1. For the stretch 170-223, name all the residues that are within 26 Å of residue 258 (Cβ to Cβ) and outside any strand (DSSP E or B).
2. Tell me, which residue of the stretch 100-111 that is in contact with a strand residue (DSSP E or B) (Cβ under 8 Å, 6 or more places away or on another chain) and within 13 Å of residue 265 (Cα to Cα) is surrounded by the most Cβ atoms within 10 Å (Cβ to Cβ)?
3. Is there a residue being modelled with pLDDT under 95, in a loop (DSSP other than H, G, I, E, B) and under 27 Å from residue 150 (Cα atoms) anywhere in the stretch 265-273?
4. Take the stretch 144-169 and flag every residue that is buried (at least 17 other Cβ atoms within 10 Å of the Cβ) and in contact with a helix residue (DSSP H, G or I) (Cβ under 6 Å, 6 or more places away or on another chain).
5. Applying the selection to the stretch 112-127, what residues are surrounded by 22 or more Cβ atoms within 10 Å (Cβ to Cβ) and either in a loop (DSSP other than H, G, I, E, B) or touching a strand residue (DSSP E or B) at 6+ places or on another chain (Cβ under 7 Å) (or both)?
6. Return a yes/no flag: does the stretch 313-320 have any residue that is in a loop (DSSP other than H, G, I, E, B), in contact with a helix residue (DSSP H, G or I) (Cβ under 7 Å, 6 or more places away or on another chain), modelled with pLDDT of 95 or more and buried (at least 18 other Cβ atoms within 10 Å of the Cβ).
7. With respect to residue 244, is the statement that it is within 30 Å of residue 64 (Cα to Cα) and surrounded by 15 or more Cβ atoms within 10 Å (Cβ to Cβ) true?
8. List the pairs whose first member sits in the stretch 156-169 and is part of a loop (DSSP other than H, G, I, E, B), whose second member is exposed (fewer than 14 other Cβ atoms within 10 Å of the Cβ) and at pLDDT below 95, and whose Cβ atoms are under 6 Å apart, counting only residues at least 6 apart or on separate chains?
């Protein structure tokens with residue numbers, strides 16, 4: 001990733017940061033002045049202050065994986081020994097790799113080092129890691145979900161364990177372009193679990209949600225982290241004729257996604273049980289009209305393409321192959337009289353393929369009681385956690 005793209009995206013989230021020193025910590029606690037860094041001054045007319053921060057220079061990298069490794073090494077270099085002990089785990093620590101949830105962090109512990117406990121230098125470096133592994137749209141969602149948590153904190157008087165700094169970064173194994181390792185970034189309504197196996201990135205399980213569900217303004221900035229995802233998913237079902245919509249109706253009440261963080265803290269995916277055989281319900285995508293199939297493909301892309309193309313392109317090709325779509329079902333449930341309406345609590349959408357599992361649930365607001373909010377989960381039946389758990 002080029003420095004220009006990263007710095008423009010980082011301005012969204014570090015607009016009011018203070019100056020950051022251009023040095024990094026070494027393993028023995030001394031200061032290393034030889035590490036190549038760029039000090040970047042970003043001024044955004046939508047941000048009240050100029051942001052000056054230090055970034056690791058990864059411009060010489062030729063692949064996304066090389067850039068992610070470079071950025072992650074740069075992040076780790078900013079940490080003290082004690083901080084590194086919180087952020088870095090053995091790749092074999094499967095229990096910690098499953099410490100993610102849709103709930104606020106006060107109720108469910110997360111693996112890693114918390115953003116609000118980092119120095120400005122470390123936090124800027126952590127943002128660079130996220131921006132490198134994600135696409136522009138994905139990074140905007142990442143920033144927006146955290147902003148939504150800050151919005152909830154202000155709406156609830158600061159209670160409930162909400163806040164944009166209550167998100168964690170964890171590294172499993174040693175960042176490498178040749179050896180296996182994994183990255184976890186998450187907090188309330190956010191869980192990025194990216195594993196690299198033999199140089200291939202697998203970005204699931206992936207959880208994203210947002211309360212508020214609609215766009216909102218905070219600190220003079222407008223955010224809409226899951227608006228396009230929700231609209232794209234709803235469009236699939238809103239376009240169906242009445243007979244097909246009836247055939248796709250599950251008829252069961254779904255208070256939340258079916259396969260959320262069921263494996264939390266277990267170190268295993270054994271608890272994640274996908275419907276099989278006759279339990280797989282809905283309408284096959286291959287039986288839809290060409291226009292309706294295109295809407296399904298767009299909805300899938302809203303999640304998969306939140307990651308850089310080096311990760312997402314192969315997944316999109318696999319999920320959308322003719323063979324895969326012939327074994328991919330769409331289904332929904334909710335209130336029949338309201339139809340597939342995201343403003344109605346209990347509305348639920350699903351795409352179930354041979355590998356792809358994608359769900360979106362509309363729940364009543366927790367803090368914003370007069371509106372619904374989203375929970376979404378994207379899983380890969382073969383390659384959650386890189387297929388290592």
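1. 188, 189, 203, 204, 205, 211, 212, 213, 214
2. Ranking the candidates gives 100 first.
3. No, the stretch 265-273 contains no residue that is modelled with pLDDT under 95, in a loop (DSSP other than H, G, I, E, B) and under 27 Å from residue 150 (Cα atoms).
4. 162, 163, 164, 167, 169 - these are the residues of the stretch 144-169 that are buried (at least 17 other Cβ atoms within 10 Å of the Cβ) and in contact with a helix residue (DSSP H, G or I) (Cβ under 6 Å, 6 or more places away or on another chain).
5. 112, 113, 121, 124, 125, 126
6. yes
7. no
8. 161/106
The values are calculated or read from the model by the stated rules, or taken from the named source; none is laboratory data. Just so we're clear, the structure is a prediction, and the values are computed from it rather than from any experiment. Here Cβ is always computed from backbone atoms with ideal geometry, including for glycine, and neighbour counts include all displayed protein chains.
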